[in-house]
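The structure appears right after this line, and notes come after that.
Laboratory data are not the source of any read-out in this text; all were calculated from the coordinates shown. Computed from a predicted structure; not experimentally measured. Counting neighbours? That spans all protein chains shown, and the Cβs are built from the backbone with ideal geometry, glycine included.
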Amino acid sequence: MIRSRIAGVGHYVPSRVVTNDDLSKLMETSDEWIQERTGIKERRYAEKHKETTTTMGASAAKIAIDRAGIQKEDIDFIIFATLSPDYYFPGCGVLVQRALGITGTEVGCLDIRQQCTGFVYAISIADQFIRTGTYKNILVIGSEMHSMGLDYSDQGRNVTVIFGDGAGAAVLQPTTKPGQGILTTRLHADGTHAEELAFISPGSHGGYYGNVEEYGFPEVENGEIFVYQGLIDKKGYYPNMNGPLVFKTAVVKFPEVIQEAMDDIGVETKDIDMLIPHQANLRISQFVQKKLCLPDEKVWNNIQKYGNTTAASIPIALCEAWEAGKINEGDLVCLAAFGSGFTWGSALIRW
Ligand code: UT7
């Protein structure tokens, strides 16, 4: 039986450290508030005009490819998950293919969103291609550059203090070793709350924030310039979040989707060697840990250093845990995520 194993992992974070005190110079917030509510002490910001979502993804990918013991030319498919792409289109998949210099092989590139759940969705897709024998070396990347599009005024403080930049990558290969590899993935979504954690403009909805009756149609000035007053007033061009709703839903969905994966393959929480939760908020991770009765050494948290890097958070954490020698052959690793969409998912991997 063919399964997919993670043959190499890599991560990259920008060198610029932004502390909570740095943010409190820009907006009405404090180190105390941020640490108490989220556990975050600092995050990384990319260097504008030099680093992008793609360049960070490429840096992480090079390490993962090297650790998988293959050449970049061996990659036969690329999946790129991000909510902060370099361009509206084309996506980062083709850009990273070019950045890595593997255009000659003309391999397919797939861009996915799924925000905080992006990496779990991405490895689930890769897993299907590998199980069917379609591809043999799939590069999966989660990368984000949030710092370019956050609201640094008081109005955006609930969102801005949480997010950071970074990238993580993995190479997936087939394995026939009994019991090894990705044992199950579970993917979910509920679009009912799509706008509760969203970056909605510009978009085909018309560019205004809210409905036409409330804000009116966009005006045309001089025949070509559109003025989206509602958008400007409501700052619809920044991410917005109903934090309490996201929190409340996350603490239910995380344990639920982990349980679902465990039931799928017939294991219990005591069998999990390492839980890598999406780094949404340290309080959410602690809640999930408590609910599953997992000891501290079986849960990897690094949100304190990097903030929430959405699609990059799981591969960065996975890579750090592996580098620290906390993930070894035969270990049962659980990945779990929840975020915008709402989307959520889990994966159980025998390393
Ligand atoms: O990957 C998924 C992504 N998102 C998440 O996982 C986020 C989940 N939600 C959360 O982590 C929490 O909801 C937050 C940390 C975002 C916010 O914490 P909260 O305890 O839910 O705060 P709140 O939004 O209910 O706001 C409480 C107060 C408000 O002031 P008033 O109205 O009580 O005077 C906010 O204006 O805290 C204020 N506030 C802040 N104060 C200082 C909101 N953000 C900040 C801030 N600094 N950065």
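If I take R0 = 25 Å and measure r between the Cβ atoms of Glu47 and Gln155 in this structure, what FRET efficiency does the formula 1/(1 + (r/R0)^6) give, to the nearest 0.05?
Numbers: r = 26 Å, r/R0 = 1.04.
The calculated FRET efficiency here is 0.45.
Taking the Cβ-Cβ separation of Ser204 and Glu297 as r and a Förster radius of 56 Å, what is the calculated FRET efficiency to the nearest 0.05? Mind showing how you got there, number by number?
On the way: r = 48 Å, r/R0 = 0.85.
It comes to 0.75.
Suppose the chain between Gln286 and Glu28 were pulled fully straight at 0.36 nm per residue; how much longer would it get relative to their current alpha carbon spacing?
90.2 nm
Mind sorting Tyr237, Tyr87 by how few other Cβ atoms lie within 10 Å of their own Cβ, fewest first?
Ascending number of Cβ neighbours within 10 Å: Tyr87, Tyr237.
How do Met262, Met145 line up, fewest other C-beta atoms within 10 Å first? Intermediate results must be reported in sequence, preceding the final value.
On the way: Met262 21, Met145 29.
Ascending number of Cβ neighbours within 10 Å: Met262, Met145.
Amide H neighbours of Leu110 under 5 Å, at least 5 residues apart or on other chains, H built in the peptide plane: list them.
Ile78, Ile79, Phe80
If the reach is capped at under 26 angstrom between alpha carbons, list the lysines near Lys290, excluding any in the same chain fewer than eight residues apart.
Cα-Cα hits under 26 Å: Lys41, Lys248, Lys253, Lys270, Lys298, Lys305, Lys326.
Kindly provide the pair-distance distribution of the chain built from C-alpha pairs, with 10 Å bins from 0 and whole-percent values in order of increasing distance.
Per 10 Å bin, starting at zero, the Cα-Cα P(r) for the chain comes out as 6, 26, 34, 23, 9, 2, 0 percent.
Can you return the lysines within cross-link range of Lys72? Criterion is Cα-Cα under 24 Å, with same-chain partners fewer than 8 residues away left out.
Within reach: Lys50, Lys62, Lys136.
In the Gaussian network model of the chain, springs joining C-alpha atoms below 10 Å, which of Leu318, Leu172, Leu110 carries the largest mean-square fluctuation?
Among Leu318, Leu172, Leu110, the largest mean-square fluctuation in the Gaussian network model of the chain belongs to Leu110.
Can you give the percent of C-alpha pairs in segment 3-175 whose distance is more than 21 Å? Show your work: numbers first, answer last.
Details: 7265 of 14878 pairs.
Everything past 21 Å amounts to 49 percent.
Return the calculated 222 nm mean residue ellipticity for the chain, to the nearest 500 deg cm²/dmol, obtained by summing -39500 (n - 2.57) across DSSP H runs with n ≥ 4 and dividing by the residue count.
-9000 deg cm²/dmol
Would you look at the GNM of the chain, springs on alpha carbons closer than 10 Å, and say which of Glu42, Glu256, Glu32 moves the most?
Fluctuation is largest for Glu32.
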